[in-house]
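These notes are about the structure you will find just below.
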Amino acid sequence: MKLPLFELRGQLPQKNKLQIGLLGLAVIILLWWLAVRIHVFNPKIIPSPFAIIGSLPELITRDRLFQNLGLTIFMNFASWVEGALIALPIGFLIGLYPLFNALFGGYIQATRYIPLTATIVLFMAAFGIFMFMKVQFLTFAILVYLITAVVGRINETPQIFIDAVKTLGASQWQIIRTVFIPQVFSRVFTDFINIVAISWTYAVYVELINKQEGGIGALIYNLYFRQNEAEKLYALILIMVAVGYGFDVLLKQIDRKVFPFKYS
């Protein structure tokens, strides 16, 4: 069978896609190693991939990689749950009812332009410098985008669905339950997946506060800025990317299971 390698928007079989992807990874690693070997890259700034791999045993044992990674995952997960529980009802109120939209809609839209990193001092003043503050900061970062996403998805709901249930004599609550909730939840879950990636990156920043508490962000600071161990820094970045991508895959699988009609 001829593979559509150069067909516009062609789809490769999953097996061939995986094989070609692994080949691409091998090419990247080889070019990276070669660039360091012939001194195109300074190994003190960009170490070889094999030096990065070689740093993993010490990173796991001496630097307590899994303990710090677990702390970062817990902090993110707590903020995801809290952010969703707050954003969904607020977003529905603003998106569904003109009164709340007129009162707060414009201001909610404007919050997307808040420089989030500049607000960290306000969260420190309000909540201290410990884990609770970090979770609240990440929750706020999620709310800024998720509430707007919920309102937008409500506005995108086709009017024909609403008119159809109205002709059957549906009440307001029945319209919300049978039309808006399934339509909005199915679409906003995609937005939530993208927002998770944003909070994952902010987590490293907020962990620089009270570094003694741990976390990947604190570990990055201690290993590089204090000990100048560049190979461990790159290892941590790659681990963060791998774990973040793992969450992305997991959430997309959940999306397929819970909202199969999106993929039919």
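What follows is calculated from the coordinates using simple rules that are stated; it is not laboratory data. Here the structure is a predicted model, which is why all the values come from computation and not from measurement. Cβ coordinates were reconstructed from backbone atoms using ideal geometry, including for glycine residues, and neighbour counts include every protein chain displayed.
Key figures for this structure:
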| quantity | calculated |
| --- | --- |
| Residue list for the range 112-154, restricted to those being in a helix (DSSP H, G or I), among the β-branched types (Val, Ile, Thr) and in contact (Cβ under 8 Å) with a residue 60 or more places away in the chain | Thr117, Ile120, Val135, Thr139, Ile142, Ile147, Val150, Val151, Ile154 |
| Meets criteria (of a type in the set (Gly, Ala, Ser) and within 19 Å of Phe259 (Cβ to Cβ)) for Gly105 | no |
| Residue within the range 229-250 that is more than 30 Å from Ile181 (Cβ to Cβ), more than 19 Å from the chain's Cα centre (by Cα), of a type outside the set (Phe, Trp, Tyr) and part of a loop (DSSP other than H, G, I, E, B) present | yes |
| Among (1) out of contact with any Lys or Arg (no Cβ under 6 Å at 6 or more places or on another chain); (2) in contact (Cβ under 8 Å) with a residue 60 or more places away in the chain; (3) buried (at least 17 other Cβ atoms within 10 Å of the Cβ), the one test that Val243 misses | (3) |
| Only listed residue being assigned to a helix (DSSP H, G or I) and surrounded by 12 or more Cβ atoms within 10 Å (Cβ to Cβ), chosen from Leu99, Leu85, Leu103 | Leu103 |
